[in-house]
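Student: Structure provided below as structure tokens; questions to follow.
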Amino acid sequence: MDSTELRIAAVIPCHNEEASVAKVVADLQAAVPGIVVYVYDNLSTDSTAERAREAGAIVRFENTKGKGNVVRRAFADIEADVYLMVDGDDTYEASAAPLMIKTLLDGPFDHVLGVRRQDEGASAYRAGHETGNKVLNGVVGKVFGENVEDMLSGFRVFSRRFVKSFPAVSREFEIETELTVHSLHLRVPRTAVPVGFRDRPAGSESKLRTYHDGFKILALIIGLARHERPVAFYGLVGTLSWLVSIILTIPIVVEFYNTHEVPRFPTLFLGFTLLLLGSLAWTAGLILDGIRRSRHEAARLVYLRYAAVSADDLPANDNGGDARGAGAER
């Protein structure tokens, strides 16, 4: 594809990836000629920055620890039409990048997710990661009402209007979850493309902590459910509070009806307190739902400020081909 037609930027967050980053940069440049590769060094203690620079990448530094902080910085600093995000550990097949970019343009879509397909005989998924990923995908699907294929994938392609409307508040590995949820609640055009997933190269170590990061992601999902589905979240809390209140107060009411006495005032007080708390929870949910709607409308207006990037909008090439066909070669 004629690289003058579109500005395509690759963002590679890295922490101690000297064993793999040069290959990732070279593979992307070979797969997508003209792509500008940005490697963000996140407090590396090895030669990640030197290897990336030697491979032809633009190296920048983010000194606040966490992948989410890197993505937040990169999305704010880089100006492009199409953004590609991939991990620097060389576990993703860079050869899938042209298809993902073409898919984004042909849609046009705003978010193309690379769904990992592990190579036969490979062990790229660490113990428990594949199961944990499926569980988290299911939780997000239930909470937000849409199926998610591979929420934790680190290989994605975005349009400019997706990137510039994305708030990016996560600090670490929860950023993939936040990206997925952003596309769900804003209901942007999105799709998925299968990508190869393989073992890390020798000398490279995973930065993921299975249980620690898993619980952080789960906590983020709960927090997002509270913000994005406040009626359901607070309604559940309020309904449970009402049920406990009813269970506590009915025996006291029956006893009062029979004896005209209330011998358990603390229990009665607790029951009425839970009844009040349940009502407050429902009220909070309804108020927050109105605020959520206003937030979504504001986010949608920000999103609509940017034009869609489409293959149909690109000018024809000199040799009669159009940018769509060339896009497949990028």
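Student: Taking the chain, how many lysine pairs are there with alpha carbons less than 26 Å apart, if each pair must be eight or more places apart or span two chains?
Tutor: 18
Student: In addition: Would you rank LEU243, LEU288, LEU224, LEU179 by solvent-accessible area, highest first, keeping every protein chain in place and using a 1.4 Å probe?
Tutor: LEU243, LEU288, LEU224, LEU179
Student: Right, next: Express in Å², to the nearest 10, the accessible area of TYR234 obtained by rolling a 1.4 Å probe over the protein heavy atoms while all chains stay in place.
Tutor: Approximately 50 Å² for this residue.
Student: Given H placed on each backbone N at 1.01 Å, which residues far from ARG116 in sequence or on other chains put an amide H within less than 5 Å of it?
Tutor: Under 5 Å from the amide H of ARG116 lie the amide H atoms of VAL195, each far enough along the sequence or on another chain.
Student: Nearest 0.05, what FRET efficiency do THR267 and VAL169 give at R0 = 45 Å with Cβ-Cβ as r?
Tutor: Working from the Cβ atoms, E equals 0.60.
Student: Heavy atoms of the protein only, probe of 1.4 Å, neighbouring chains included. What is the accessible area of LYS67 in Å², nearest 10?
Tutor: Rounded to the nearest 10, the figure is 20 Å².
Student: Any chance you could look up the accessible area of ILE58 with a 1.4 Å probe, heavy atoms only, rounded to 10 Å²?
Tutor: 70
Student: Which distance in nm do the two modelled labels at ASP106 and ASP46 give, with both placed 7 Å along the Cα-to-Cβ direction?
Tutor: Roughly 3.7 nm, to one decimal.
Student: Per the Kirkwood formula on distinct C-alpha pairs, the Rh of segment 1-59 is how many angstrom?
Tutor: Every distinct Cα pair counted, the radius reaches 11.5 Å.
Student: Amide H neighbours of ARG60 under 5 Å, at least 5 residues apart or on other chains, H built in the peptide plane: list them.
Tutor: Amide H neighbours of ARG60: VAL39, TYR40, ASP41.
Student: Mark the label point 7 Å from the Cα of LEU277 along Cα→Cβ and return the residues of segment 215-244 whose backbone N is within less than 18 Å of it.
Tutor: Under cut-off, by backbone N: 233-244.
Student: Can you pull the one-decimal nm distance between simple spin-label points at ASP312 and LEU243, each 7 Å off the Cα toward Cβ?
Tutor: A separation of 5.0 nm, rounded to one decimal place.
Student: To continue, here is another question. Which length gain, in nm to one decimal place, applies between ARG305 and PHE215 when the Cα-Cα distance is subtracted from 0.36 nm times their residue separation?
Tutor: 28.8 nm
Student: Quote the FRET efficiency, to the nearest 0.05, computed for VAL115 versus ILE287 with a Förster distance R0 of 41 Å and r equal to the Cβ-Cβ distance.
Tutor: Efficiency, rounded to the nearest 0.05: 0.60.
Student: What are the residues whose amide H is under 5 Å from the amide H of SER20, where those residues sit 5 or more places off or on another chain and H is modelled from the backbone?
Tutor: Distant-sequence amide H within range of SER20: zero hits.
Student: Just how far, in whole angstrom, is segment 20-54 from segment 160-201 if you go by their alpha carbon centroids?
Tutor: For segment 160-201 versus segment 20-54, the Cα centre distance is 21 Å.
The values are calculated or read from the model by the stated rules, or taken from the named source; none is laboratory data. A quick note: this is a predicted structure, and the numbers were derived from the prediction, not measured. FYI the Cβ positions are ideal-geometry reconstructions off the backbone, even for glycines, and counts take in every protein chain you see. To get the accessible areas, we keep the full protein, side chains included, count just its heavy atoms, and leave off ligands, DNA and RNA. Shrake-Rupley method; radii C 1.70, N 1.55, O 1.52, S 1.80 Å.
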